[in-house]
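Notes follow the structure.
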Amino acid sequence: MSLLRIEGLGLRFPNGVTALDGVDLALEGGEFLSLLGPSGCGKSTLLRAVMGLARPDTGRIAWAGGSRPRVGVVFQDPTLMPWAGVIDNVALPLRLAGLDRAAREKAALAAIERVGLAGFERAVPRELSGGMRMRVSIARALVGDPDVLLMDEPFAALDEITRLRLDDELRALASARGTTVLFVTHSVFESVYLSSRIAVMTPRPGRIAGTLAVKRPAAGDFRATADYARQCGEVSALLGRVMAA
Amino acid sequence: MRGALAARGAPLIVGLLVLAAWEALVRLNDMPPYILPAPSRIAATLWSDRAILLVSLAVTLKTTFAALVTAALSSLVLAILFRQSRWIERSLYPYAVILQVTPIVAIAPLILIYVEDPFAVMLVCATIVAFFPILSNTMLGLRSVDPGLEDMFRLQGAGRLQVLWLLHLPSALPHFLAGLRIAGGLALIGAVVAEFVSSTTAGGATGLAWRIIEAGQRLNVPRMFAALALIAASGIAIFALLTALSHIVLRRWHESERTG
């Protein structure tokens, strides 16, 4: 049974624009699924609906087991509390869940370590670079040991070099624990590199135009292989057909 | 570095020039102190009358700070209430505006009638003057919260109190402090106005404004100027103090206190 089933999902904005129309999608446990589509196609709206922040007008979102599992969320902006140090930002979900200070600091320190920010626990967001802030945001998403990571173009605002590095790190973090990830992006290369499966969306109103499984080598630099280039080409071609239709 | 020094020195030089011109004007025209006292005479009066003036200064400052604290607490509570419910805001906010736009000198005589304790009269007057900028600034701050963080809190199932304490109040802190900075000067004005208005009833008020009136009746013009100088210095000191407070609290994270 799929971890998440989305069936016939439709969503219309208050201004009358139809953002999503008949979205069908299943998220399997342990997979890294990218939602890829042109900007404005409703992929972020779809993710917000999955998060429970946007209410769909039609269709349904069903989680295995009936209720939403623990989710970790990363938005396009790091959305950190500027007045709080890294450790308090990372520990926020645990604080809201009512954990005591010792327990949440221990978990936060571990999460900070996992994203490579050990030594910056007491820094405030302003003292960090854009890439480091995004790592804080990822650490906050990881701290509650979530069953699913929901990420909305998390690296879109970062420079290319930082982005490649964070893609590597995210890939390692997700595969180390077999975390299920639903990842929104508008980058073909990023989606192929990160994902085990890619769902391509149509321009607005957004629907799923098709899904592709990504075949990746067990080891080595995937980006340097001909397989990678070929699959990027396939995804681009599908995207091109979707845009032309 | 030289620019910064010049920027600091410029107003000081202007002040010294004005004082020197004033001193020269009085001396050259041989003006009597009850018409216009020279700055040197005012300074001498400040020293010779220090016992009386300092006691009065303490009275005025006590009113000012009590009013500032009362205004800060009451407007904070009110702003939080407004943030919790649009209905409360719609029902009460117009009255806060009315209170703000009605001149305090017009309200003060009424307060004198209904409030007996002279200190309470001063406190009420100064609080009315001081509280609005804190209220409106804090309201603005409580509404200028990062929508992404609002989503984040909602997603994690944060309760109303958690959202208020961990998100809304810290977000509003810079605005609150900016309001407090304006209110500091206004509280002093409110205290002085209240002393002026209540001086006619001899309600035991012995603040600096009261000293000015008393000295005026005795044609002790140097003391009037000395008391005025103390009021102005207090205003500057309060502003500097609240600016420093804002800097200490915000310097690590807020853009308004970014240096260099």
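Each value in this text was obtained by applying a stated rule to the coordinates, not by laboratory testing. Fair warning: this is a prediction, and the values are worked out from it, not measured in the lab. Cβ coordinates were reconstructed from backbone atoms using ideal geometry, including for glycine residues, and neighbour counts include every protein chain displayed.
Averaged over every viewing direction, what's the projected area of the C-alpha convex hull for segment B:1-129? Give it in nm², one decimal, please.
Numbers: hull surface 57.0 nm².
For segment B:1-129, the mean projected area of the Cα convex hull comes to 14.3 nm².
Enter the Cα centre distance for the pair segment B:108-151 and segment A:197-220, rounded to the nearest angstrom.
57
Assuming R0 = 60 Å, can you tell me the calculated FRET efficiency for the pair residue B:31 and residue B:252, based on Cβ-Cβ distance, to the nearest 0.05?
Calculated value: 0.65.
How about residue A:215: which aspartates and glutamates have a C-alpha closer than 19 Å to its C-alpha, ignoring those fewer than 8 places off in the same chain?
Within reach: A:28, A:31, A:167, A:168, A:190, A:227, A:234.
Over all residues in B:168-181, what is the mean tally of Cβ atoms on other chains that come within 10 Å of each residue's Cβ?
Going residue by residue through B:168-181 and averaging, the value is 1.
Taking each pair of distinct Cα atoms in chain A once, what is the resulting Kirkwood hydrodynamic radius in Å? Walk me through the numbers on the way to the answer.
Details: mean 1/r = 0.0536 Å⁻¹.
After inverting the mean inverse Cα-Cα distance, the result is 18.7 Å.
How big is the charge dipole of chain A about its Cα centre, in debye rounded to the nearest 20, if each Lys and Arg gets +1 on its Cβ and each Asp and Glu gets -1 on its Cβ?
The dipole of chain A has a size of about 320 debye.
Of the listed peptides A:207-214, A:76-83, what is their order by residue-averaged count of other C-beta atoms within 10 Å, with the highest listed first?
A:76-83, A:207-214
Sort B:25, B:5 so the one with the fewest other Cβ atoms within 10 Å of its own Cβ comes first. Mind dumping the intermediate values first?
Details: B:25 12, B:5 9.
Going from sparsest to densest Cβ surroundings: B:5, B:25.
If you average the sequence gap of Cα pairs under 8 Å that are 6 or more apart and divide by the length of chain B, what percent do you get for the contact order?
Once normalised by length, the contact order is 26 percent.
For a bin width of 5 Å, list the pair-distance distribution of chain B built from all Cα-Cα distances, rounded to whole %.
Reading upward from the zero bin: 1, 6, 10, 13, 13, 13, 12, 11, 8, 6, 4, 2, 1, 1, 0, 0.
Just tell me how shielded B:145-153 is by partners: mean number of partner chain Cβ atoms within 10 Å of each residue's Cβ, no decimals.
Neighbouring Cβ atoms belonging to other protein chains average 5 per residue here.
How far apart, in nm, are two points set 7 Å out from the Cα along the Cα-to-Cβ line at residue A:175 and at residue A:118?
Reported label-point gap for residue A:175 and residue A:118 is 2.3 nm.
Ranked highest first by the average count of other Cβ atoms within 10 Å around their residues, in what order do A:55-66, A:111-122 fall?
Numbers: A:55-66: 13.6, A:111-122: 17.0.
Top of the packing list down: A:111-122, A:55-66.
Given N residues in segment A:102-220, what is Rg(Cα) / (2.2 N^0.38 Å)?
Rounded to two decimals, the normalised Rg is 1.15.
Starting from one equal scatterer on each C-alpha and no solvent at all, send me the Debye-based log10 I(q)/I(0) for segment A:81-146 at q = 0.23, 0.26, 0.27, 0.29 Å⁻¹, two decimals.
-0.87, -1.11, -1.19, -1.35
Please grab the % of Cα pairs in segment A:32-136 that end up more than 18 Å from each other.
60
Using a 7 Å offset from the Cα along the Cα-to-Cβ direction at both residue A:57 and residue B:43, what is the distance between the two label points in nm, to one decimal?
The two pseudo-label positions are separated by 7.8 nm.
How large are Rg and Dmax for segment A:1-77 when only the alpha carbon atoms are used, in Å?
12.5, 37
Using alpha-carbon positions, what is the distance between the centroids of segment B:14-80 and segment A:71-150, in Å?
Distance between centres, Cα-based: 52 Å.
Could you work out the percent of alpha carbon pairs in the protein assembly as shown separated by over 45 Å, rounded to a whole number?
For the protein assembly as shown, the fraction of Cα-Cα distances above 45 Å is 38 percent.
Work out the mean other chain Cβ neighbour count within 10 Å for the residues of A:92-102 and drop it here as an integer. Write down the numbers at each step before the final one.
Numbers: counts 8, 6, 1, 4, 10, 3, 2, 0, 0, 0, 0.
Taking the mean over all residues of the peptide, I get 3.
Counting other Cβ atoms within 10 Å of each Cβ, which GluC sites (Glu not before Pro) in segment A:140-245 have at most 11 and sit in a DSSP loop?
none
Relative contact order for chain A: what percent, with Cα pairs under 8 Å and sequence separation of 6 or more?
Dividing the mean separation by the residue count of chain A yields 27 percent.
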